[in-house]
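Worksheet: one structure, shown below.
The values are calculated or read from the model by the stated rules, or taken from the named source; none is laboratory data. These numbers were taken from a predicted model, which means no experiment stands behind them. Here the Cβ is made from the backbone with ideal geometry for all residues, glycine too, and neighbour counts use every protein chain on show.
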Amino acid sequence: MTTFVQLTITGLANGAVLALAALGFVLIFKATGVINFAQGDFLLVGAFAVWSFVVQVGLHWTVAVAAALVLAVVLGVLIERLVLRPMIGEDPVAVIMVTIGLAAVLQAAVQMIWGVTPRRLPEFIPHGVFRLGDVTIPQDRVFAVLIAAVVLAAFSVFFTRSRHGIAMRAVADDQQAALLQGISVRRIFAMAWALAAVSAVIGGTLLANLTGVSGTITEIGLLVFAVVIVGGLDSIPGAIVGGAIVGLLQQYTAGYIGGGLQQVVPFVVLVLILLVRPYGLFGEVRIERV
Amino acid sequence: MTGQDTDTAASTRAAGDDAGPALAINNIQVIYDEVILVLRGLSLTVPDRQIVALLGSNGAGKSTTMKAITGLLPTEHGEVTEGDIVYRGRDITRWDTADIVRAGISLVMEGRHVFEHLTVHENLMAGGFTRSGADQESVDRVYAYFPQLRERQSQRAGYLSGGEQQMLAIGRALMADPDLLMLDEPSLGLAPLLVEEIFGIIERLNSELHTTVLLVEQNARRALDIADHAYIMENGKVVLAGPAGELAENPDVKEFYLGVAESGGRRSYRDVKHHKRRKRWL
Ligand SMILES: Nc1ncnc2c1ncn2[C@@H]1O[C@H](COP(=O)(O)OP(=O)(O)OP(=O)(O)O)[C@@H](O)[C@H]1O
Ligand SMILES: [Mg+2]
């Protein structure tokens, strides 16, 4: 029982971070149709930026996270403007190659700026434990889940209530019609990249808090694919549920079976889900009307 | 391109009181993919507060004309290579679509193009994007014209019937409070009763909100009924123009667009189509 609760908490915490990373991926895919292979590297940049602002610049962590978010917005907009916009209308495979290239460039940049030594993020999330009977629950995991939940909730309010959130979904549905409502599709694309970078900074920071700041963060990138394929490439609730499923599966496999199988099981489940639901659990099946 | 702010829609409307037409298209040439010549010197004028019908057979270039006016051609590798489009005294030929919408022109595209995965209400909110104060009042106005939409406001637009989708597409365009409303074949694929309803509403929009209307139609009979003025296009240019009443009496129009032979008898579409292949306008 104790093991189960602990595995569940850890799984949900990892899942929450995965969901944040996947959210960025889904945002970009939904709004712009681009499959962003650099999402894992966005996490890495986010984590290093926060580390750098806290440790090297000496900012308070709240200011450091705020500064990293600003940096993320700038970086997201620049990448859209300089790298992706020239590719509009090109072959999707070419666009995918570009995002793979982007991933390599970001990784190299991180290594050039911050080196390859793993770093520790100073604790700003409480690292103690909650005790419930004989079960100990690490506080940082609980906080990770809470923070991710708040951020994800904020995003979903943005998408259903705000003018720009609705505009972004409109662009995802029909670009010409969106243009005809006076929506600037280019600006929405830039906004999608900026928001994806923002969610990556938050995800990357939470992750760095759990695992330390190092290149292994990009390995999460691979899991993000499992998450979005399970949940559906274009579904925000799918990203959340997919994150939880993949996070939990990994922990249960590691805890009960072990032997490195946790690296494999999520992908096996992925294949099984795709056999039954080709669009993922929540993916949008095209509405056949009109 | 030219930075337009929201105020300009209001100021152009005020400027609309002078005698100039709302829209003037002067001799435009449109080419797709750098080789496909579709509009060959098309000219037409839409006077302020009137309903103008643009008729023509399939492939004449009606939708292309709508895309040229709204700046959508670049999204289809098309381009206005000659001539200009003047809206209330300003040359909008190469403006961005967003600026054109802000200036007061809205287009209801052929095939409706509602946002399928958004609810009816969200579609309307998207329609009000240019007006940061797109409030309950504008939404209520749309629901007043289309009461069916109110009942379906939280339903996904993709699951509405064709008629409801057309109403939503028009309602969404109204959210921008357009000064010039353009509709591309709004009656396409609708049952006769619904066609009546849609045309009735277009007339009401024109008389109650003083919206200038440019109406593209295959349903020439109904379009000529409600229009003040009409243009007939063939092969990328205007071949006939005049007051709608006069065109409705023109023998050629009767034969080709109203399906009435000179003898007065009704002819089948098949005959008309066959005949049309032999005899072209001009
Ligand atoms: N994006 C495009 N690229 C190339 N050619 C196009 C494009 N869009 C339209 N055309 C061509 O331009 C011509 C006019 O098309 P358009 O859609 O403007 O006609 P239409 O009058 O609206 O016809 P319909 O009544 O069938 O809607 C057609 O021959 C069409 O094949
Ligand atoms: Mg057409």
Within segment B:89-111, residues being more than 7 Å from chain A (Cβ to nearest Cβ), out of contact with any Gly (no Cβ under 7 Å at 6 or more places or on another chain), buried (at least 21 other Cβ atoms within 10 Å of the Cβ) and assigned to a loop (DSSP other than H, G, I, E, B) number 2
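Does residue B:158 count as out of contact with any Gly (no Cβ under 7 Å at 6 or more places or on another chain) and small (Gly, Ala, Ser)? Quick ask: steps written out before the conclusion?
On the way: out of contact with any Gly (no Cβ under 7 Å at 6 or more places or on another chain): yes; small (Gly, Ala, Ser): yes.
So residue B:158 passes the test.
Only one of these is of a type outside the set (Lys, Arg), away from every other protein chain (no Cβ under 14 Å) and surrounded by 17 or more Cβ atoms within 10 Å (Cβ to Cβ): A:268, A:228. Name it.
Working: A:268 fails: surrounded by 17 or more Cβ atoms within 10 Å (Cβ to Cβ).
None of the others qualify; the one that does is A:228.
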From the option list B:233, B:182, single residue qualifying as surrounded by 22 or more Cβ atoms within 10 Å (Cβ to Cβ) and within 14 Å of chain A (Cβ to nearest Cβ) is B:182
Which condition breaks for residue B:140 when tested against (1) surrounded by fewer than 20 Cβ atoms within 10 Å (Cβ to Cβ); (2) at positive phi?
(2)
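Tell me the residue from B:33, B:84 that is surrounded by fewer than 17 Cβ atoms within 10 Å (Cβ to Cβ), farther than 21 Å from residue B:242 by Cβ, of a type in the set (Asp, Glu) and in contact with a strand residue (DSSP E or B) (Cβ under 6 Å, 6 or more places away or on another chain), please.
Working: B:33 fails: in contact with a strand residue (DSSP E or B) (Cβ under 6 Å, 6 or more places away or on another chain).
On inspection, the qualifying residue turns out to be B:84.
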Would you tally the residues in segment B:31-77 being part of a loop (DSSP other than H, G, I, E, B), more than 13 Å from ligand 2 (Cβ to nearest atom) and in contact with a Leu (Cβ under 6 Å, 6 or more places away or on another chain)?
1
Of everything in segment B:208-221, what is within 16 Å of ligand 1 (Cβ to nearest atom) and at pLDDT 90 or above? Give them in sequence order.
B:214, B:215, B:216, B:217
Members of segment B:117-137 found to be within 12 Å of another protein chain (Cβ to nearest Cβ) and either surrounded by fewer than 14 Cβ atoms within 10 Å (Cβ to Cβ) or of a type in the set (Gly, Ala, Ser) (or both), listed by number
B:126, B:127, B:128, B:132, B:133, B:134, B:135
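For (1) within 14 Å of another protein chain (Cβ to nearest Cβ); (2) buried (at least 17 other Cβ atoms within 10 Å of the Cβ), each residue gets a yes or a no:
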residue	(1), (2)
A:117	no, no
A:140	no, yes
A:151	no, yes
A:157	yes, no
A:160	yes, no
A:196	no, yes
